[in-house]
1. I'd like to verify a number: residues in region 109-168 that are part of a strand (DSSP E or B), free of Cβ contacts under 8 Å to residues at least 40 places away in the same chain and under 13 Å from residue 80 (Cα atoms), how many?
2. Can you give me the number of residues within region 42-82 that are polar (S, T, N, Q), free of Cβ contacts under 8 Å to residues at least 24 places away in the same chain and assigned by TED's automatic domain parsing to the domain that holds residue 163?
3. Do you know which residues across region 84-117 are touching a Ser or Thr at 6+ places or on another chain (Cβ under 7 Å) and either over 15 Å from residue 151 (Cα atoms) or small (Gly, Ala, Ser) (or both)?
4. Which residue out of 79, 92 is exposed (fewer than 15 other Cβ atoms within 10 Å of the Cβ) and modelled with pLDDT of 90 or more?
5. Taking the conditions exactly as written (within 24 Å of the chain's Cα centre (by Cα) and among the hydroxyl-bearing types (Ser, Thr, Tyr)), does residue 81 satisfy them or not?
6. Does at least one position in region 72-92 carry a residue that is part of a strand (DSSP E or B), polar (S, T, N, Q) and closer than 16 Å to residue 161 by Cα?
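The values are calculated or read from the model by the stated rules, or taken from the named source; none is laboratory data. Model, not experiment: these values are computed from the prediction. Counting neighbours? That spans all protein chains shown, and the Cβs are built from the backbone with ideal geometry, glycine included.
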Amino acid sequence: MDLRKAWKLLHGRRAISVVVSNVILTGAVIAVSFVVLAWTQYRSSAYNAQYSEAMNADIARLKERLAFEYVFYNEDEGDLTVYLMNYGTINDTTVKTVYVSTNTGELINVTSNITLMHFNGTQIADQDLDRGEEGYFVLSSLDLVTDTSYSIQVVTGRGSTFESTFVA
């Protein structure tokens with residue numbers, strides 16, 4: 001090899017600038033790769049948490065069970081008293097909305113401000129029914145026709161729906 005070519009090769013700036021630019025570019029690609037990896041791990045853990053939360057809510061909704069023990073209509077006062085029992089395997093079952101309709105499906109009443117009471121007439125403090133707990137609520141000012149079949153639908157705070165029919 002010619003001494004002159006060796007001198008150019010050792011002291012040439014073009015070769016060094018190519019190596020430096022390749023090192024910088026490789027470092028940038030590695031840094032961006034770590035940022036993308038961190039972002040995907042964050043998003044996957046967030047999706048996993050949301051999925052877990054949704055599944056737990058669905059499981060809780062499936063564990064809810066309300067039984068209509070008795071439905072009584074007082075035609076003199078227009079009050080409908082509904083006695084419920086939580087026979088499910090989950091606590092804190094709330095009554096969010098109550099729908100009363102005719103047997104043909106015509107909606108008569110929608111009530112969303114429900115006050116749950118104990119059988120002794122005192123208000124349930126936490127306004128929910130725990131496992132095995134019984135309670136009732138009263139819907140006032142209903143004008144129902146006696147000896148007519150009606151449907152009552154209770155929607156819980158978790159979104160479960162329970163329905164029963166009664167004769168006024």
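1. Within region 109-168, residues that are part of a strand (DSSP E or B), free of Cβ contacts under 8 Å to residues at least 40 places away in the same chain and under 13 Å from residue 80 (Cα atoms) number 4.
2. Counting residues in region 42-82 that are polar (S, T, N, Q), free of Cβ contacts under 8 Å to residues at least 24 places away in the same chain and assigned by TED's automatic domain parsing to the domain that holds residue 163 gives 1.
3. 86, 93, 94, 95, 96, 101, 112 - these are the residues of region 84-117 that are touching a Ser or Thr at 6+ places or on another chain (Cβ under 7 Å) and either over 15 Å from residue 151 (Cα atoms) or small (Gly, Ala, Ser) (or both).
4. 79
5. So residue 81 fails the test.
6. yes
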